[in-house]
Amino acid sequence: MFKKILIANRGEIAIRIIRACREIGIETVAVHSDVDRESLHVKLADQSVCIGPAPAAESYLNIPAIISAAEITGADAIHPGYGFLSENTHFADVCQSVGIKFIGPNPESIKMMGDKIEARKLVAKYGGIPLLPSSEGTVDPEDPHLLKLAKKIGYPIMVKARAGGGGKGMRVVYEEANLKNSIFAAQTEAKASFKESGVYLEKFLENPRHVEVQIAGDAFGNVVSFPERDCTIQRRHQKLVEESPSPLFNDKLRKKIGKAARRTARAAKYVTVGTVEFLFDGKKQFYFLEMNTRIQVEHPVTEIVTGIDLVKEQIRLAAGEKLGYSKDDVKLLGHSIECRINAEDPDRDFAPSPGKITSVVFPGGPGVRVDTHIYGGYTVPTHYDSLLGKVIVGSSRGREAAVLRMSRALREFEIEGIKTTIPFLRKVMVHPAFKKGEYSTNFIEKYFSNNGNGNSRK
Amino acid sequence: MTEGDRRKMEAEIKEKLSELLEFAKRNGLYEVVWQDGELKIAFRRDGKSLGSPASASELAGEENLKAPALPKEVLIRSPMVGIFRRSNAKNRPPLVVTGDHVKPGDRLGVVECMKIPTEVVSFCAGQIMNIFAEEGQPVEYDQPLFAVIPAEEANTESKT
């Protein structure tokens, strides 16, 4: 087992990792930029090292600085969290070359799954995992076969970046006439965001549900899957609310999607924890979308419905331990919902709202968990994402009870000094479509556009 | 100087000030100027009797405690996290020692990060008064490494 882990991240996930390390008995090193000196993860870790100025490129994305910090503190492993360097193959390679364990899968798995076209190819070859019709390779707007290929896939079509993620480098095309321009636009955006302009075509599902499956694998080829998470409620491709299990799934579908997820993990020879994402048509059919080779923001909902600590699993699997249990040992213990709290003003089209948090009152009581780095007096910096933390609830009495519990918890949660999305999330929890569990990816757009007040003036 | 060192210096100054106020009261003095090297404390008390050292400091004025007459030094900070080196190659003498005069662009040291050296360079002309890190010591980004008295100040300081 590792003696000392350096956490190459910040905010709530850095604290989550420190907590898991503490409970295992591993020493922790926090790295931070100069503006994050007063951040909670710095205060909680056993040691801290300032690695650079505020801009992420010079601090949290600065590979030499992070490796240097690991070397001077004697860390034997680095946990990359999510975002930042967590899916950076080069970083994983560098760690390997200096003899520091990267807590995640092998660089090969990251590379394979990071390229959306290669990931699809791998999954198609392995078999037993449904896929949406696609171009099977990058497309060129000048290709004479382009229109024929698109027709075969069938409109509407999504143009997607092969190096993409986070909703960038994507365009939906409803008519043949818009295909070429959309490809150009997506290529340009992809080049800017990912430095790689390759795009491919994939059938676009209207108003799908986004369902994902957590998996874990050890170095001996054993793989387990966990009950699915439904992350359909999104705004501009950013997840806002996640729940487990999916309100539209039954045992049969759960078994089927679990099997598809495990097959994907085996195809990728995956070690440690990861997530396989699918699109679900809302009835019976799901399709492989992509695989995320990191711990995810929404991992707590799975922890609550299974009682398994995923970050501890991730660490011990990276240390070479055997999984020790099978998919049948993973039980679904109830229903869990997570709400992401952002420093954004819902009344101003979710404009970022950094600044000093003058006071906080955290929710509590039965079945309520808060994963956050904020505290009264903390100043939210402008340089990083707006996630302040997450409220996660669980109930053994089913979805309705979980929704009520989340409503109750959000009413208790008060953050003063900056604007947050808490008032908006309260409205989501009482919305009839959400309470019924009937929503698709256009939920926010449909019911909350114009002013975030739940009035659709269309 | 680290945050810890700065706080320690402030505490020492407060203690000195209390000592001086007591001295002033006992000896019926109204104006005191005290100097030790570059540190200078000056105050004037009015006719009221001095109570506890705390209220004495209030009379002396918050300014003296918040911004004591610290030397007008400039700090050169580490540009990177890594290992601090005094010279730019093994077995070579240090690039600078305390007392050296430097000008903008002069190399004062090196910070090694993953075996890649980054130079620590002076951005002002002056005299090196203090070196805060040792050869081979791990340093953080922005950590103070050198204290330099800028040229104008260095010339007007009376050598004690």
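At a glance:
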read-out: Residue that is within 28 Å of residue A:440 (Cβ to Cβ), surrounded by 17 or more Cβ atoms within 10 Å (Cβ to Cβ), within 21 Å of the chain's Cα centre (by Cα) and touching a residue at least 40 places away in the same chain (Cβ under 8 Å), where the choices are A:161, A:190, A:150; value: A:161
read-out: Filter pass, residue A:127 being more than 14 Å from every other protein chain (Cβ to nearest Cβ), of a type outside the set (Ser, Thr, Tyr) and under 23 Å from residue A:315 (Cβ atoms); value: no
read-out: Boolean, residue A:65 is of a type outside the set (S, T, N, Q), part of a helix (DSSP H, G or I), under 15 Å from residue B:139 (Cβ atoms) and touching a Gly at 6+ places or on another chain (Cβ under 7 Å); value: yes
read-out: Residues that are crowded, with 21+ Cβ neighbours inside 10 Å, of a type outside the set (A, V, I, L, M) and not in a strand (DSSP E or B), drawn from the stretch A:385-411; value: A:405
read-out: Count of residues meeting criterion [within 14 Å of chain A (Cβ to nearest Cβ) and either surrounded by fewer than 20 Cβ atoms within 10 Å (Cβ to Cβ) or acidic (Asp, Glu) (or both)] in the stretch B:118-137; value: 4
read-out: In the stretch A:338-360, residue surrounded by the most Cβ atoms within 10 Å (Cβ to Cβ) [restricted to those that are charged (D, E, K, R) and closer than 27 Å to residue A:233 by Cα]; value: A:338
read-out: Filter pass, residue A:5 being surrounded by fewer than 23 Cβ atoms within 10 Å (Cβ to Cβ), closer than 29 Å to residue A:216 by Cβ and of a type in the set (A, V, I, L, M); value: no
read-out: Residues being touching a strand residue (DSSP E or B) at 6+ places or on another chain (Cβ under 8 Å), in a helix (DSSP H, G or I) and among the hydrophobic types (A, V, I, L, M, F, W, C) - total across the stretch A:14-39; value: 5
read-out: Search result, residues across the stretch A:374-391 that are modelled with pLDDT under 95 and under 15 Å from the mean Cα position of the chain (by Cα); value: A:385, A:386
read-out: Members of the stretch A:287-310 that are surrounded by 24 or more Cβ atoms within 10 Å (Cβ to Cβ) and hydrophobic (A, V, I, L, M, F, W, C); value: A:291, A:295, A:301, A:305
read-out: Condition broken by residue A:335, with the remaining ones in (1) crowded, with 23+ Cβ neighbours inside 10 Å; (2) under 18 Å from the mean Cα position of the chain (by Cα) satisfied; value: (2)
read-out: Selection status of residue B:84, in contact with a strand residue (DSSP E or B) (Cβ under 8 Å, 6 or more places away or on another chain), within 14 Å of chain A (Cβ to nearest Cβ), assigned to a strand (DSSP E or B) and closer than 27 Å to residue A:72 by Cα; value: yes
read-out: Tally, over the stretch B:103-117, of residues that are away from chain A (no Cβ under 14 Å) and among the hydrophobic types (A, V, I, L, M, F, W, C); value: 1
read-out: Of all residues in the stretch A:68-80 being assigned to a loop (DSSP other than H, G, I, E, B) and closer than 18 Å to residue B:83 by Cβ, the one that is nearest to the other protein chains (Cβ to nearest Cβ); value: A:74
read-out: Residue B:96 outside any helix (DSSP H, G or I), more than 14 Å from chain A (Cβ to nearest Cβ) and modelled with pLDDT of 95 or more; value: yes
read-out: Sole exception among (1) surrounded by fewer than 18 Cβ atoms within 10 Å (Cβ to Cβ); (2) modelled with pLDDT of 90 or more; (3) not assigned by TED's automatic domain parsing to the domain that holds residue A:402 for residue A:259, by number; value: (3)
read-out: Set A:57, A:20: member being away from chain B (no Cβ under 11 Å) and modelled with pLDDT under 95; value: A:57
read-out: Within the stretch A:27-50, tally of residues that are farther than 12 Å from residue A:85 by Cβ and within 14 Å of another protein chain (Cβ to nearest Cβ); value: 16
read-out: Filter result (more than 30 Å from residue A:396 (Cα to Cα) and in a helix (DSSP H, G or I)) within the stretch A:316-356; value: A:318, A:346, A:347, A:348
read-out: All positions within the stretch B:1-45 that are hydrophobic (A, V, I, L, M, F, W, C) and either closer than 28 Å to residue B:143 by Cβ or exposed (fewer than 15 other Cβ atoms within 10 Å of the Cβ) (or both); value: B:1, B:9, B:11, B:13, B:23, B:29, B:33, B:39, B:42
read-out: Hits in the stretch A:193-210 - residues which are buried (at least 16 other Cβ atoms within 10 Å of the Cβ) and closer than 22 Å to residue A:287 by Cβ; value: A:198, A:199, A:200, A:201, A:202, A:203, A:204, A:205, A:208, A:209, A:210
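The values are calculated or read from the model by the stated rules, or taken from the named source; none is laboratory data. As the structure is a computational prediction, the values presented were derived from the model and not from experiment. Counting neighbours? That spans all protein chains shown, and the Cβs are built from the backbone with ideal geometry, glycine included.
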